[in-house]
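Colleague: So that we are looking at the same thing, I have put the structure below in structure tokens.
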Amino acid sequence: MREISYAAAIGEALREEMARDESVFVIGEDIGPVRQAEDLFAAFRERRVWQTPISEAGFTGLAAGAAASGLRPVVEIMYCDFVGVAMDQICNQAAKMHLMSGGQVKVPMVIKTPAGCGTREGGHHSGSLEAWFIHSPGIKVVMPATAYDAKGLLKSAIRDDGLVLFIQHRLLHPLTQQVPEGEWIVPLGKADVKRRGQEITVVSYSYALTKVLAAAEELAGSIDVEVVDPRTLTPLDVETILESVAKTGRLLVVHEAPAQGGAGAEIVRQVVERGFDLLKAPPRVLGGKHVPMPYSPPLEDACIPQVADIIRTIREMVE
């Protein structure tokens, strides 16, 4: 089995799906040598890869219409922070079209965008905005943390008959992992237990998962941590999380997005509603500060959970 980067896995998924299905096309910003492997741009540029001006509302609206007409667009938005420019096209049009047409119109469309902080780009380029879309009906939200999951989930997202938001953390792009060759997918809505443990369940996704796994490794021998990666936040695989909590009795959710109103709050809500009697202690969310992301590296680091913060919180919950 070969080892490839997260970014390369995403590029492979796009090339394979475009070769498999002529209705798939890519449109948006920073396509080609800037963000994807150059051969994607070269192979499909004539008809199916469209590098656009910075006009998120325009090309997202175009893609929504194309999807409703039978094509399968993959929309590239340069930074997740810029989705605000196209919120009407995403949440008010593409997400609602299937229901409002009585099921007659499908919108098989992927919005693919990098997000998250750690690259020292300030408040306009460091957002973690997944909660906006968890709250919006009609949108699936995918946030893979590994190269394997990124490739398999992107292929599933492209084949899905609805609107899928595919968020990739920029710090994951160079990380490598073993990824099999050949045809395979990762289903939407199925969590993965990344580490088995007995004393506490930690749910995390995207780049924060790498910090949780590092914290769990550092705690090995003193606290046995189970780590669950939901992989998709909508639909959310609550059953896998509940199975873990039934074993450990404790739940911590860790993410970089602000804790206030975030995905962690929704995960805790669903676990408490369906599995309150499984809990030995109050569940907790360890998330980012409720502030725009600073440009200063020390301040940026202070605004999001670090490995030491995760270790300290786990110890407080278990010991």
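Colleague: How do the peptides 179-186, 128-135, 83-90 rank, highest first, by the average count of neighbouring beta carbon atoms within 10 Å per residue?
Modeller: Taking the mean over residues of other Cβ atoms within 10 Å, the ranking is 128-135, 83-90, 179-186.
Colleague: Further, regarding this structure: Scaled to the compact-protein estimate 2.2 N^0.38 Å, what is the alpha-carbon radius of gyration of the chain, rounded to two decimal places?
Modeller: Cα-based Rg divided by the globular estimate yields 0.98.
Colleague: Scan around Arg195 for amide H atoms under 5 Å from its own, H built in the peptide plane at 1.01 Å from N, and keep only partners 5 or more places away or cross-chain.
Modeller: Amide H neighbours of Arg195, under 5 Å, 5+ apart: Val227.
Colleague: Shifting gears a bit: Mind scanning Lys112/Lys151; Lys106/Lys155; Lys112/Lys247; Lys96/Lys194; Lys247/Lys289; Lys112/Lys155 and naming the pairs with a C-alpha gap bigger than 24 Å?
Modeller: Violating the 24 Å limit, Cα to Cα: Lys112/Lys247; Lys96/Lys194; Lys247/Lys289.
Colleague: Taking the Cα centre of the range 48-140 as origin, work out the dipole magnitude from +1 charges on Lys and Arg Cβ and -1 charges on Asp and Glu Cβ, in debye rounded to 20.
Modeller: Dipole magnitude for the range 48-140 comes out near 360 debye.
Colleague: Grab every C-alpha pair in the range 1-155, bin the distances at 5 angstrom width from 0 up to the longest one, and report whole percents.
Modeller: 2, 9, 17, 22, 22, 17, 8, 3, 1, 0
Colleague: Please name which of Ala66, Ser5, Pro298 has its Cα lying farthest along the dipole of the chain towards the positive end, using unit charges on Cβ (Lys, Arg +1; Asp, Glu -1) and the Cα centre as origin.
Modeller: After comparing all options, I get Ala66.
Colleague: Give me the percent of Cα-Cα pairs in the range 138-196 that sit more than 15 Å apart, rounded to a whole number.
Modeller: Of all Cα-Cα distances in the range 138-196, 51 percent exceed 15 Å.
Colleague: For the range 97-114, take each phi angle, set θ = phi - 60°, evaluate the Karplus expression 6.51 cos²θ - 1.76 cosθ + 1.60, and give the result in whole Hz per residue in order, putting x for glycine and proline.
Modeller: So the Karplus estimates, Gly and Pro as x, are 4, 4, 5, 6, 9, x, x, 7, 10, 9, 10, x, 9, 10, 9, 10, 8, x Hz.
Colleague: Just the number please: accessible area per residue for the chain, 1.4 Å probe, all protein chains included, in Å².
Modeller: 42
Colleague: Quick check for me: using +1 on Lys/Arg Cβ and -1 on Asp/Glu Cβ, what's the dipole size of the chain about its Cα centre, in debye to the nearest 20?
Modeller: Computed about the Cα centre, the dipole is about 340 debye.
Colleague: Calculate the spin-label point distance for Val105 paired with Ala246, positioning each point 7 Å from the Cα along the beta-carbon direction, and give it in nanometres.
Modeller: 4.3
Colleague: Give a residue-ordered list of calculated ³J(HN,Hα) values for the range 150-158 (Karplus: 6.51 cos²θ - 1.76 cosθ + 1.60, θ = phi - 60°; whole Hz; x for Gly, Pro).
Modeller: Those phi angles translate into 4, 5, x, 6, 5, 5, 5, 5, 5 Hz.
Colleague: Related question: So, counting K/R as plus one and D/E as minus one, what does the shell of residues with Cβ under 15 Å around Gly261 add up to?
Modeller: -1
Colleague: List the residues, sorted by chain then number, that are 5 or more residues from Val203 or on another chain and whose placed amide H is less than 5 Å from its amide H.
Modeller: Residues meeting the amide H criterion: Val228, Leu252, Val253, Val254.
Colleague: Roughly speaking, to the nearest percent, how much of the chain's 1.4 Å accessible area is carbon and sulfur?
Modeller: Carbon and sulfur together cover 54 percent of it.
Colleague: Can you give the calculated 222 nm mean residue ellipticity of the chain, where each DSSP H run of n ≥ 4 adds -39,500 (n - 2.57) and the sum is split over every residue, rounded to the nearest 500 deg cm²/dmol?
Modeller: So the helix-based figure for the chain works out to -10000 deg cm²/dmol.
Colleague: Related question: Between the range 277-319 and the range 74-110, what's the alpha-carbon centroid distance in Å?
Modeller: With the range 277-319 and the range 74-110 each reduced to a Cα centre, they are spaced 32 Å.
The values are calculated or read from the model by the stated rules, or taken from the named source; none is laboratory data. If you're wondering where the values come from, they're calculated on a predicted model, not measured in any experiment. All Cβ positions, even for glycine, are placed from backbone atoms using ideal geometry, and neighbour counts span all protein chains on display. For the accessible areas, the whole protein counts, side chains as well, though only heavy atoms, and no ligand, DNA or RNA atoms are used. Shrake-Rupley method; radii C 1.70, N 1.55, O 1.52, S 1.80 Å.
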